[in-house]
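All remarks here apply to the structure that follows.
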Amino acid sequence: MPNSEPCLRAFAGREEMVTRLADRIAGIVAQAVAARGRALLVLSGGTTPATLYEKLSGIDLPWDRVELTLSDERWVDPSDPASNEGMVGRTLLKGRAAGARLVGLKSAGATPDEGLAATGARLAGLHWPADLVLLGMGEDAHTASLFPGGEGLAQALSPAEGVRVAGIVPAAGGPARISLTRPALLEAREIALLITGDGKRRVYERALEPGPVETMPVRAVLHQFRVPVSVWWAP
C-alpha cells in the first residue's frame, strides 16, 4: 500500500523536470513490456506535457507494444486545435514513437453523453491497469476534467461500477468535456502529477489538507491509499 503523502520531486527548471520525467516514463514502458509484453499510458493535455511528448518521441522504446489513451478530452474533433488527442498525435506519435497505438476519447455524437458508451467500449479493449497515469492540475484544483462545480462531477467521482468515463460541463463555461472517472484514474500502477509555477504549488499544498474532493477534485488522487503518486514541480 502506498504512503498517503505523495512524493514531491521539485526541480530548478522545467527543462530538467521534463527530461527527468521522460526518463522515468521510458523506464516504466521498458519494464512493463519486459514484464507483460505491453504497456499502457494515460496521458494529459497541456503545454508542458506537449514538451514532454516531443522528448519521448525521440527515445528508442518498443513503441509498437505501447497503448496510449487520455485522462480527458474536450468534446471536439481530433483535428480541432483544442483537441488533446490531436496534440498527442502531433507531438508524440512520430519519430521512434510513431508505432504506438492511441485510443482517443472523442466519439460520434453531439454531446459527451451521446458518445459515452462507444468511448467506454474502446477503453474496455485496453490492457488495464495503466502502467502510468499522467495528470495535470489547474489553478482551481481540477485534474483531468474533474472541475469543481462542474455539471456531471458527482457522477464522475462516484460512477456506476465499471464506468470509466463521464461527461463534464465546466462551471466556467467552454466546451463540454469527457473525463476518466475517479475509479478509472486510480486503475493504475502509478500516477504522476505534473505542475508548474508557484501558484499551482500553493494550490497543491492546500489540496493536501483535509477537505471535500468536490471543491478541490485533485484530492481524488492525492487523498487515497491505492496508487502511489509522484508530483513533478518546477517554477
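Kindly provide the set of residues from the stretch 23-74 that are in a loop (DSSP other than H, G, I, E, B), of a type in the set (Gly, Ala, Ser) and over 19 Å from the mean Cα position of the chain (by Cα), ordered by number. Passing the criteria: 37, 58. Give the number of residues within the stretch 180-216 that are touching a Phe, Trp or Tyr at 6+ places or on another chain (Cβ under 8 Å) and under 20 Å from residue 49 (Cα atoms). Adding up the residues that qualify gives 8.
Among the numbered conditions (1) of a type in the set (A, V, I, L, M); (2) within 14 Å of residue 178 (Cβ to Cβ); (3) surrounded by fewer than 19 Cβ atoms within 10 Å (Cβ to Cβ), the only one that residue 70 does not meet is (3). Determine whether residue 140 is under 27 Å from residue 213 (Cα atoms), under 17 Å from the mean Cα position of the chain (by Cα) and buried (at least 21 other Cβ atoms within 10 Å of the Cβ). Considered against the rule, which asks whether it is under 27 Å from residue 213 (Cα atoms), under 17 Å from the mean Cα position of the chain (by Cα) and buried (at least 21 other Cβ atoms within 10 Å of the Cβ), residue 140 comes out as no.
Considering the stretch 73-105, the residues that are β-branched (Val, Ile, Thr) and over 24 Å from residue 187 (Cβ atoms) include one that is surrounded by the fewest Cβ atoms within 10 Å (Cβ to Cβ), namely 76. Residue 122 falls short of the stated requirement of being of a type in the set (Lys, Arg) and in contact with a strand residue (DSSP E or B) (Cβ under 8 Å, 6 or more places away or on another chain).
Pick from 35, 108, 39: which is under 23 Å from residue 186 (Cβ atoms) and without any contact (Cβ under 8 Å) to a residue 24 or more places away in the chain?
On the way: 108 fails: under 23 Å from residue 186 (Cβ atoms); 39 fails: without any contact (Cβ under 8 Å) to a residue 24 or more places away in the chain.
Exactly one residue qualifies, and that residue is 35.
In the condition set (1) assigned to a helix (DSSP H, G or I); (2) in contact with a helix residue (DSSP H, G or I) (Cβ under 7 Å, 6 or more places away or on another chain); (3) free of Cβ contacts under 8 Å to residues at least 60 places away in the same chain, residue 78 is compliant with all but (1). Taking the stretch 187-229 as the range and being touching a residue at least 40 places away in the same chain (Cβ under 8 Å), over 19 Å from residue 147 (Cβ atoms) and not in a loop (DSSP other than H, G, I, E, B) as the test, the residues that pass are 188, 192, 196, 229.
The single residue among 161, 190 that is among the charged types (D, E, K, R) and in contact with a Leu (Cβ under 7 Å, 6 or more places away or on another chain) turns out to be 190. Of the residues making up the stretch 5-27, those that are surrounded by 17 or more Cβ atoms within 10 Å (Cβ to Cβ) and either aliphatic (A, V, I, L, M) or under 11 Å from residue 61 (Cβ atoms) (or both) are 17, 18, 21, 22, 25.
Out of 179, 158, I need the residue that is on the phi < 0 side of the Ramachandran plot, crowded, with 22+ Cβ neighbours inside 10 Å, modelled with pLDDT of 95 or more and touching a helix residue (DSSP H, G or I) at 6+ places or on another chain (Cβ under 8 Å). Which one? Write out each step before concluding.
On the way: 158 fails: crowded, with 22+ Cβ neighbours inside 10 Å.
Just a single option satisfies the conditions, and that option is 179.
The values are calculated or read from the model by the stated rules, or taken from the named source; none is laboratory data. Remember, predicted model here, so these are calculated numbers, not experimental data. When we count neighbours, we look across all protein chains shown, and the Cβ atoms used for this are built from the backbone with ideal geometry, even at glycine.
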